[in-house]
Structures are given as C-alpha cells and as structure tokens.
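Q: My questions will all concern the structure given below.
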Amino acid sequence: MSPTAVPATRDRLRIAIQKSGRLSDPARALLASCGLSWRESRDKLFCYGETAPVDLLLVRDDDIPGLLADGVCDYGIVGRNVLEEQAAERAAAGKPQLSKELLPLGFGGCRLDIAVPDAWDWQGAAQLQGKRIATSYPGLLGRWLAQQGVEADIVVLSGSVEIAPRLGQADVICDLVSSGATLAANQLRPVQTIMRSEAVLAGPVQPFADIRGELAQMLLRRLDGVLRLKDSRLLMFQARRDEVPGLLELLPDAESPTLLQVDGADTLALQALCHGAMTWQRLEDLKRAGARGLMVLPVERMLA
Ligand code: PRT
Ligand code: ZN
C-alpha cells in the first residue's frame, strides 16, 4: 500500500488496539464504557461492532501507527512513545505525517528515561558524548541527542534493554520506566526523562469525508464524557447566600455550579460537578465554612 494512501471509503469505523499487553484491557474497557460492544471473530483479530458500526482490530502495538498511515484502520489506541517514535522515524526518512495524537487517555503512564549504572556520577547530557546507548527508541533518542548537541552511538535493541550495560553491549540505556523496579534490579538509575508517555487516541490528520466523520464525532464525544467523569462527583449542599463565595473558594475543582434560591432570599441550594477527591476532610472543611446537608453523588453518564 502506498505510504501516502488516504483512508479508503468505508461505512464503519475501525479502531486498532493492542491484542495482548499492558494497554489491551484498559483500551477495551474504555471503549466499552462508551457503550460499544463487539462480537469476536474466530481468529480473535477482528471484533465486529454490535451496538454501533465501530469495529476493533487486535494487533501488536508497534503495528498501529503503520496501520493508521496506510488507512487500514481509522483510529488507534497506542502509547505516545510508540506513536512519536514512528513519527520521528518517518520525519527522518522525509515521509509525511498521516496520523496524530488526538486525546490522552489517562492510562499506561510511563517515562522514557536515560538510565546510567548506579556508580556513575551524573552531571548532565554532555557526559553521553561518545558513549553507547542501548534503546528500542532510536528515533526519539536521536532527536533528543541532537537537541542536546551530543554525539553518541545508538545501539538498537528490541527487548531486554536493561541488561545491555551488564553484557557490555552499551554504557547506558534509554528505556521506558514506570515503577523503576526493573532499573533498580539491574543496578541502573534514571537520570534524565526525555519523554512522558501514556496511552493516547491516535487518528488521521485529515477529517473523514464519508459517514465515518459522524461516527468519529460520536466516539470523541463519548470518550470526552467518559474521561471527564473519571473522579467526578456531584456535590450538593445548602448555604447562606453570604457564605457562598467563601465556599466556592474551597472548591477550585468544581465546574460552574448551579445555584437555586430555596428559602426566601437568604438560603441557596448549590450543586456542582467536582473533579478532585471528595474526602471526609474536605466535607468537614465545607461544613465549617457554612455548608449544610452536604451530599456527594456518583455521576454515571455525561454528555456535554
Ligand atoms: O506485543 P506487543 O508488541 O503489542 O506489546 P509490547 O510488549 O511491545 O508492549 P507492552 O504491553 O509491554 O507495552 C505497551 C505500552 O505500555 C508501551 O508502549 C507503553 O506505552 C506502556 N507502558 C507503560 C510500558 C510500561 N509502562 C513499562 N513499564 N511499557 C513497557 N514497560 C516496561 C519497560 O520497557 C521495562 O522493561 O516495563 C519495564 C519497566 O517497568 P518498571 O515498572 O520496572 O519501571
Ligand atoms: Zn510492541
């Protein structure tokens, strides 16, 4: 398929997600919470959308940017690290960018870090001059090294990057880190973050010219609603009118609240969607500031 192919006309939307790995379960759960469900094919590579014309393609995460570029799928859920790596490689090869990050999804968080042996006295990027750096992310590392004005040898490995210094294949590494346990177990220490990553929704640079445009809008609207609901609670209480400004100062995470007059001109009922944790401590602070009849309710669905 041509590297500049535009998506072929289709009347269903196709989303590529990781078949098995860290992102597969959360990606499916997120799409299911948008009201989508599927019938699985026998080979478990394709899931036919039942509640909406939105199908899933189950693939290796590294294949997702290429499938997007070739128009084989319309959207993909993939780590920003994978998307940006392939974008950096396309840029280096002079190829156009055909897909981009549309929405961070709030799971699969990690960092792409330079890590050095514990014994190193790290003083900054200049120390990497002339060194061998093992990584699975040559595009991102190469770009960062160029920005730092450092010339180093990039040793490309597809896995087990963390043992490269012990095997004598490299002096330092550049790899994904989440808890840091793998680095510590290999006597390595993270010293420099070159990118922060999480799972993202990736999609085409050009809008769809067919029915997929409407399906895409529906998907994005629902994803936005689901993501905004995370940690959201509806807070309700009553208070004297003159105490409301002080109470709102205690609620910096509230979306513009609804105020209703309940008792003559003096008492107001307030309801607000809050995005931070609603702990007992916060409720007690609100009560001290004049809130009465405090109630915290879960929010099940939201459509802006
Ligand atoms: O088969 P396929 O190619 O689809 O899967 P994969 O093995 O390439 O990917 P997978 O499932 O391991 O990771 C998918 C995505 O999850 C990555 O592209 C990242 O966006 C994200 N992610 C989040 C991580 C990590 N955290 C992570 N910790 N990917 C890999 N790791 C590895 C890291 O490479 C290192 O080996 O975990 C180890 C470090 O973990 P800690 O907790 O010890 O620091
Ligand atoms: Zn992979």
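Q: Dipole of the chain, Cα-centred, from +1 at each Lys and Arg C-beta and -1 at each Asp and Glu C-beta, to the nearest 20 debye? Provide the component values of the computation, followed by the final result.
A: Numbers: 34 positive and 38 negative charges, 81 e Å.
That gives the chain a dipole magnitude of about 380 debye.
Q: Quick one: what are the phi-derived ³J(HN,Hα) couplings along the stretch 161-169, Karplus 6.51/-1.76/1.60 with θ = phi - 60°, whole Hz, x for glycine and proline?
A: Values per residue, Gly and Pro as x: 4, 5, 8, 4, x, 5, 7, x, 7 Hz.
Q: How much length is gained if the chain between Glu243 and Leu303 is pulled fully straight, taking 0.36 nm per residue apart and subtracting their Cα-Cα distance, in nm to one decimal?
A: Details: separation 60, 0.36 × 60 = 21.60 nm, distance 3.09 nm.
Working it through step by step, the gained length comes to 18.5 nm.
Q: Taking the Cα-to-Cβ direction at Trp120 and at Ala32 and moving 7 Å from each Cα, how far apart do the two end points lie in nm?
A: Using points 7 Å along Cα→Cβ, the separation is 4.2 nm.
Q: While we're looking at this one, here's another question. For the stretch 67-81, just list the computed ³J(HN,Hα) in residue order, Karplus coefficients 6.51, -1.76 and 1.60, θ = phi - 60°, integers in Hz, with x standing in for Gly and Pro.
A: 5, 5, 4, 7, x, 6, 10, 9, 9, x, 10, 8, x, 4, 4
Q: For the chain, what is the mean residue ellipticity at 222 nm derived from helices alone (per DSSP H run of n ≥ 4: -39500 (n - 2.57); sum divided by total residues; nearest 500 deg cm²/dmol)? Before the final figure, lay out each step's value.
A: Details: 9 runs with 81 residues, N = 304.
My calculation for the chain gives -7500 deg cm²/dmol from helical runs alone.
Q: Can you give me the long-range amide H partners of Val72? Hydrogens built in the peptide plane at 1.01 Å from N, cutoff under 5 Å, separation of 5 or more residues or another chain.
A: none
Q: Below 8 Å, C-alpha to C-alpha, sequence gap of six or more: please give me the relative contact order for the chain in percent.
A: In percent, rounded to a whole number, it is 18.
Q: Return the sequence-ordered ³J(HN,Hα) values of the stretch 172-187 in whole Hz as given by the Karplus equation 6.51 cos²θ - 1.76 cosθ + 1.60 applied to θ = phi - 60°, using x for Gly and Pro.
A: So the Karplus estimates, Gly and Pro as x, are 9, 10, 9, 8, 6, 9, 10, 7, x, 5, 5, 4, 4, 5, 10, 6 Hz.
Q: Please count, across the chain, the pairs of lysine residues with Cα atoms under 26 Å apart that sit 8 or more places apart or on different chains.
A: Lysine pairs meeting both conditions in the chain amount to 5.
Q: Hey, another quick one. Tell me the Rg and the Dmax, in Å, that the Cα atoms of the chain produce.
A: 24.6, 79
Q: Using a Förster radius of 22 Å, what is the FRET efficiency between Ser41 and Arg10 based on their Cβ-Cβ separation? Nearest 0.05, please.
A: 0.80
Q: Among DSSP beta bridges whose residues both lie in the chain, state the antiparallel percentage, nearest 5.
A: Percent antiparallel among DSSP bridges in the chain is about 75.
Q: Can you tell me how much longer the chain between Gln187 and Gln281 gets when fully stretched, taken as 0.36 nm per residue apart minus their C-alpha distance, in nm with one decimal?
A: Contour length minus Cα-Cα distance gives 29.7 nm.
Q: Please check which bits of the stretch 177-218 a label hung off Lys230 would reach, taking the label as a point 7 Å along Cα-to-C-beta and the cut-off as backbone N under 15 Å.
A: Hits in the stretch 177-218 for Lys230 at 15 Å: 197-202.
Rule-based calculations on the coordinates, nothing more; no lab input. Just so we're clear, the structure is a prediction, and the values are computed from it rather than from any experiment. Note: ideal-geometry Cβ built from the backbone for every residue, glycine included; neighbour counts use all protein chains shown.
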